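Starting off with a structure, shown below.
The values are calculated or read from the model by the stated rules, or taken from the named source; none is laboratory data. A quick note: this is a predicted structure, and the numbers were derived from the prediction, not measured. Don't worry about glycine lacking a Cβ; one is built from the backbone with ideal geometry, like all the others, and counts go over all protein chains shown.
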Amino acid sequence: MGRLQDKVAIITGGNSGVGAATAILFAKEGAKVVISARRQPQLEEVAAKIREAGGEVLPVVSDISKAGDADNLIAKAVEAYGKVDVLINCAGVLEEGLKPIDRATDEDINRIIDINTKGTMYCMRAATAEMAKTGKGSIVNVASVAGVIGCGGAAYVASKAAVIGATKHTALRFAGTGIRCNAVCPGTIVTPMVAGMNPANMDADMFGQMGKHSDLKVQPCMPDDVANILLFLSSDESRAITGQALVTDFGSTL
């Protein structure tokens, strides 16, 4: 307990899945948690759980695909708590059906990159400006093993590969300043977003190709598995680690 005592942690996508699990865990570890998502009712449900457990939380409704919303999120955290110590970029979306590049739609490409890539970059841009004032901070981006080996729909793969690139760039930009940036690249995670995928809409060709590069019998990650890794990378225990993209998939893609 107390691994994030008195730190201010912003978590996007904090209304469900990995984001919610991370927010609850960070609050237990002493962080003042700012959670963000587009859907207010679900966001308030997570906030209520944190408060019931004695934690401190500020829910902020945001659409991070809009630069103004990302800026406002960081500003609200600073207004409430005076600083930003940790940014966890969990917010993300999938296309429906694992569409490969020759079947990807303009709508999927624009929507997924707007949220997964541009939203992450907007939040990092705003957060690093605040972190620079204190000379310390940890950013952890939830990317995906899809961005490492290409398994997934084309738009999703591209969005997560870009997040890994932005992670390495940000780590390089701030190396030696006390501001760190890393990425976690999970395999399949059991979350409402994944559970909502309709098997009937899966692209059979793409799914078959993915099966050649991963062991589908290996267990998937649970949200708490990823949250525990995010906790380590956010804490001072990992202060020497920056610019890394850590695959966390129980070895399914080895």
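Can you spot a residue in the range 151-170 that is of a type in the set (Val, Ile, Thr), touching a Gly at 6+ places or on another chain (Cβ under 6 Å) and either assigned to a helix (DSSP H, G or I) or in contact (Cβ under 8 Å) with a residue 12 or more places away in the chain (or both)?
Yes, the range 151-170 has at least one match.
Looking at Ile35 and the list (1) free of Cβ contacts under 8 Å to residues at least 40 places away in the same chain; (2) in a loop (DSSP other than H, G, I, E, B); (3) crowded, with 24+ Cβ neighbours inside 10 Å; (4) not small (Gly, Ala, Ser), which single condition is not satisfied?
(2)
Here's something else I'd like to know. Based on this model, can you work out whether Gly251 counts as surrounded by fewer than 21 Cβ atoms within 10 Å (Cβ to Cβ) and modelled with pLDDT under 95?
The answer is yes for Gly251.
Could we say that Phe232 is surrounded by fewer than 18 Cβ atoms within 10 Å (Cβ to Cβ), of a type in the set (A, V, I, L, M, F, W, C), modelled with pLDDT of 95 or more and more than 21 Å from Ala104 (Cβ to Cβ) here?
So Phe232 passes the test.
Going through Asp102, Asp114, Asp85 one at a time, which residue ends up being over 19 Å from Ser16 (Cα atoms), surrounded by 20 or more Cβ atoms within 10 Å (Cβ to Cβ) and not aliphatic (A, V, I, L, M)?
Working: Asp102 fails: surrounded by 20 or more Cβ atoms within 10 Å (Cβ to Cβ); Asp114 fails: surrounded by 20 or more Cβ atoms within 10 Å (Cβ to Cβ).
Sole residue among the options that is over 19 Å from Ser16 (Cα atoms), surrounded by 20 or more Cβ atoms within 10 Å (Cβ to Cβ) and not aliphatic (A, V, I, L, M): Asp85.
Right, here's the next one. Taking only pairs six or more apart or across chains, which ones have beta-carbon atoms under 8 Å, a first residue in the range 44-60 that is more than 12 Å from Gly30 (Cα to Cα) and at pLDDT 95 or above, and a second residue that is of a type in the set (Phe, Trp, Tyr) and assigned to a helix (DSSP H, G or I)?
Leu58/Tyr81
Restricting to the range 134-170, and then to whatever is under 15 Å from Val86 (Cβ atoms) and either surrounded by fewer than 24 Cβ atoms within 10 Å (Cβ to Cβ) or basic (Lys, Arg) (or both), can you tell me which residue is nearest to the chain's Cα centre (by Cα)?
Among those that are under 15 Å from Val86 (Cβ atoms) and either surrounded by fewer than 24 Cβ atoms within 10 Å (Cβ to Cβ) or basic (Lys, Arg) (or both), it is Lys136.
I've got another one for you. What are the residues in the range 73-105 that are hydrophobic (A, V, I, L, M, F, W, C) and either in a loop (DSSP other than H, G, I, E, B) or modelled with pLDDT under 95 (or both), if any?
Scanning the range 73-105 gives Val84, Cys90, Ala91, Val93, Leu94, Leu98, Ile101, Ala104.
A follow-up question, please. For the range 229-243, which positions are part of a loop (DSSP other than H, G, I, E, B) and touching a helix residue (DSSP H, G or I) at 6+ places or on another chain (Cβ under 8 Å)? Spell out the reasoning first.
Initially, the range 229-243 is screened for residues part of a loop (DSSP other than H, G, I, E, B), giving 235, 239-243.
Result: Ile241, Thr242, Gly243.
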